[in-house]
Amino acid sequence: MWAIIGTWPFALRGVEQAARGLAAGQEAMEAAVQACRLIEDDETVDSVGRGGIPNREGYCELDAAVMDGRSLGIGAVAGLRHCPNAVLAARALLDHPTHNMLCGPGADAFAREQGLSQRPIETPQAMERWQALKRQQASHGHDTVCFLALSNNGRLASAVTTSGLGLKMPGRVGDSPLAGSGFYADDELGAAAATGLGEDIMRGLLSFQAVSYLKQGLHPQQAAEQAVLQAHQRMLRGGHQPDNMAVICLDKQGRYGAACNHQEFVYAAAAQGQPPHLVPVVPVIDNQRAAAPRELKGLR
Ligand code: ASP
């Protein structure tokens with residue numbers, strides 16, 4: 001059995017590519033990383049890789065991570081300024097014997113040593129968009145690309161890449177490169193990854209929570225819903241109004257699902273016998289309205 005799932009409609013191309021690879025015997029990690037890379041290289045996607053939205057000072061700082069479900073190995077980079085394929089830097093770090101995470105100039109130096117492309121990340125289009133956002137004093141974000149893959153040999157992997165919150169403060173790191181918050185993978189259970197406001201996602205360790213619900217026997221759809229709902233409600237109890245959060249989840253049998261607390265979330269998926277397709281997600285609870293959560297199956 002193989003499966004691939006990715007966040008947002010623009011992940012569909014990555015899902016299509018990964019589906020071909022996985023069906024032909026590609027390993028989960030390779031499929032997930034190459035899917036992220038494809039989207040990073042698409043300059044029309046303004047939330048990852050080249051063409052991502054710059055920070056407050058007008059330059060991009062990329063975050064990315066990968067996790068290998070067999071060894072629980074992690075490679076993560078934060079605040080990359082000169083390497084548009086942040087996911088490749090994260091993938092290279094996975095092979096390092098001791099280091100899991102690098103940030104800032106150290107991450108860029110590592111990417112350079114690995115021979116990764118040092119093209120400028122900022123494109124003229126992204127700079128125009130940045131100028132407009134600055135004028136409107138609007139922030140922008142919430143479109144991290146995350147892929148979860150299961151290969152025929154039972155291996156699971158997660159890979160995520162993002163330019164983070166648009167107009168963020170220099171040095172700001174979101175959930176995406178943080179294990180358990182932005183991503184998680186465990187061959188014995190499943191994998192999960194998140195998109196939305198990193199500051200809220202990390203409060204609830206959203207990806208790890210979703211995988212822990214798999215351990216309790218929930219279907220990935222229910223696990224994702226419980227993770228979002230519990231985190232959302234816990235923040236409300238503490239007097240904090242959560243911003244947008246979404247999580248995708250895949251189990252070791254190739255079943256998948258997703259949940260969110262806002263109206264806009266769509267993911268892309270494919271699996272053996274299921275061609276690539278988009279799935280709009282009905283929120284478990286709506287962060288724009290003080291309404292009760294919808295009826296959920298599984299845990300309460
Ligand atoms: N989670 C990302 C961050 O906070 C943003 C996103 O998913 O759009 O950096």
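The values are calculated or read from the model by the stated rules, or taken from the named source; none is laboratory data. Quick caveat, the model's predicted, so the values are computed rather than measured. Heads up, the Cβs are rebuilt from the backbone with ideal geometry, glycines too, and the neighbour counts pull from every protein chain shown. Just the protein is used for accessible areas: all its heavy atoms, side chains included, with ligands, DNA and RNA removed. Shrake-Rupley method; radii C 1.70, N 1.55, O 1.52, S 1.80 Å.
For the stretch 138-208, take the alpha-carbon Rg, divide it by the Kirkwood Rh, and send me Rg/Rh.
My calculation puts Rg/Rh at 1.04.
From the phi of every residue in the stretch 87-96, what ³J(HN,Hα) in whole Hz does the Karplus formula 6.51 cos²θ - 1.76 cosθ + 1.60 yield, where θ is phi - 60° and glycine or proline is x?
5, 6, 5, 4, 4, 5, 5, 4, 7, 6
If packing is taken as the average number of other Cβ atoms within 10 Å across a peptide's residues, how do 163-169, 214-220 rank, most packed first?
Output ranking for 163-169, 214-220: 163-169, 214-220.
Let a ≥ b ≥ c be the square roots of the eigenvalues of the Cα gyration tensor of the chain; is it rounded (a/c under 1.5), or, if not, prolate (a/b larger than b/c) or oblate?
oblate
Could you sort the peptides 14-25, 144-155 by per-residue average Cβ neighbour count (10 Å cutoff), highest mean leading?
Highest to lowest by the protection proxy: 144-155, 14-25.
In nm, to one decimal, how far is the modelled label at K215 from the one at M1, with both set 7 Å along Cα→Cβ?
About 2.1 nm separates the two model spin labels.
Convert each backbone phi in the stretch 227-238 into a coupling constant with the Karplus relation 6.51 cos²θ - 1.76 cosθ + 1.60 (shift: θ = phi - 60°), then list the ³J(HN,Hα) values in order as whole Hz, x for Gly and Pro.
4, 5, 4, 5, 5, 4, 5, 5, 5, 4, 4, x
So, in nm, how far is label K134 from label R70 when the simple model puts each one 7 Å beyond its Cα toward the Cβ?
Going from the K134 label point to the R70 one covers 4.8 nm.
Grab the Cα-Cα distance for V279 and E113, subtract it from 0.36 nm times how many residues apart they are, and report the gain in nm with one decimal.
Extra length from V279 to E113 when fully extended: 55.8 nm.
What distance in nm separates the two pseudo spin-label positions at N152 and H99, each 7 Å out from Cα along the beta-carbon direction?
About 3.7 nm separates the two model spin labels.
Taking only the C-alpha atoms, wrap a convex hull around the stretch 66-165 and report its volume per residue in Å³ as a whole number.
Taking the convex hull of the Cα positions in the stretch 66-165, it is 115 Å³ per residue.
List, in order, the whole-Hz ³J(HN,Hα) value for each residue of the stretch 120-135 obtained from phi through the Karplus relation with A = 6.51, B = -1.76, C = 1.60 and θ = phi - 60°; use x for Gly and Pro.
Listing the rounded values in order: x, 8, 6, 9, x, 5, 5, 5, 5, 5, 5, 4, 5, 5, 4, 4 Hz.
Give me the dipole magnitude in Debye, nearest 20, for the chain about the Cα centre, with unit charges on the beta carbon: positive for Lys and Arg, negative for Asp and Glu.
So the magnitude is around 500 debye.
Once you have the Cα-Cα distance between Q233 and R20, take 0.36 nm times their residue separation minus that, and quote the gain in nm to one decimal.
Once the chain is fully extended between Q233 and R20, it gains 72.7 nm.
Using mean Cβ contacts within 10 Å as the protection proxy, how do 85-93, 200-208, 229-237 order, highest first?
85-93, 200-208, 229-237
Collect residues whose amide H, placed 1.01 Å from N in the peptide plane, falls under 5 Å from the amide H of G79; neighbours closer than 5 in sequence don't count.
L62, D63, G104
Kindly report the accessible area of the stretch 66-166 per residue (heavy atoms of protein chains, probe 1.4 Å, no ligands, DNA or RNA), in Å².
Dividing the accessible area of the stretch 66-166 by its residue count gives 43 Å².
Calculate how many DSSP beta bridges within the stretch 117-232 are antiparallel, expressed in % of all such bridges and rounded to the nearest 5.
Rounded to the nearest five, the antiparallel share is 90 percent.
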